[in-house]
Every structure is written in C-alpha cells, then in structure tokens.
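The values are calculated or read from the model by the stated rules, or taken from the named source; none is laboratory data. Small disclaimer: the values here were computed from a predicted structure and weren't measured. Ideal geometry is used to build each Cβ from the backbone, glycine not excepted, and the neighbour counts take in all protein chains shown.
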C-alpha cells in the first residue's frame, strides 16, 4: 500500500488554492465554496483509500523464512502509509470544518 498519487496531488492543489485565497476571511463566497468542495473530495478520497482492503488486512505468513521477512517489511511500510493517510484525513477534515465556518 502506498499513498495514492491522486491524493498527494489533490492535497498539493488544495494547499495552493488556500494559499492563493489568503486571507480567507476576505475570499469570495464562490472561492470558499470551491475550496469546500475540493476539501470534501479530498476527505472522501482519503477515506476510500483507508477503507480499501490492503495487505494489512489480507496478509498471511508463508512458509519460507525469507518471504516472511519480506512480507513483514511490506506490512511495516503499509502501516506507515496507513498512518500517513489517517493523519491526512484528520488534518483535511479540520480544514473542511474551518472552511465551513467561513460560509
């Protein structure tokens, strides 16, 4: 499991849009609405990636010791990616909540 490229690009785009709209308190309602929609889409995509069945949910240990070690390493990497996605989900959800307060 890796953090999907579309999520990384959506996050970068949202950050750029927010930076361009600063100060947000003076942004037009159309700009705020566009930011809200983009944040909602990002939250949805992150949530879908988090709930997709991945190696953590389906891995079973094989018999060969070398394959077991490689599998464990893959699990550790997948767990790190899942932790990154969880953090991104929380931060993006907070951004969305803050944007909702502007509307």
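In the range 19-42, the residues that are in contact (Cβ under 8 Å) with a residue 40 or more places away in the chain form Cβ pairs under 6 Å with partners that are not in a helix (DSSP H, G or I), at six or more places apart or across chains, as follows: 27/21; 32/103. Would you check if there is a residue in the range 24-36 being more than 25 Å from residue 83 (Cα to Cα), loosely packed, with under 12 Cβ neighbours inside 10 Å, over 10 Å from the mean Cα position of the chain (by Cα) and modelled with pLDDT under 90? Taking every residue of the range 24-36 in turn, at least one turns out to be more than 25 Å from residue 83 (Cα to Cα), loosely packed, with under 12 Cβ neighbours inside 10 Å, over 10 Å from the mean Cα position of the chain (by Cα) and modelled with pLDDT under 90. Scanning the range 1-23 for residues that are surrounded by 12 or more Cβ atoms within 10 Å (Cβ to Cβ) and over 22 Å from residue 83 (Cβ atoms) yields 13, 17, 18, 21.
Just one residue in the set 85, 42 is surrounded by 17 or more Cβ atoms within 10 Å (Cβ to Cβ), part of a helix (DSSP H, G or I) and modelled with pLDDT under 95; that residue is 85.
Against the list (1) over 14 Å from residue 7 (Cβ atoms); (2) at pLDDT 95 or above, the condition residue 63 fails is (2).
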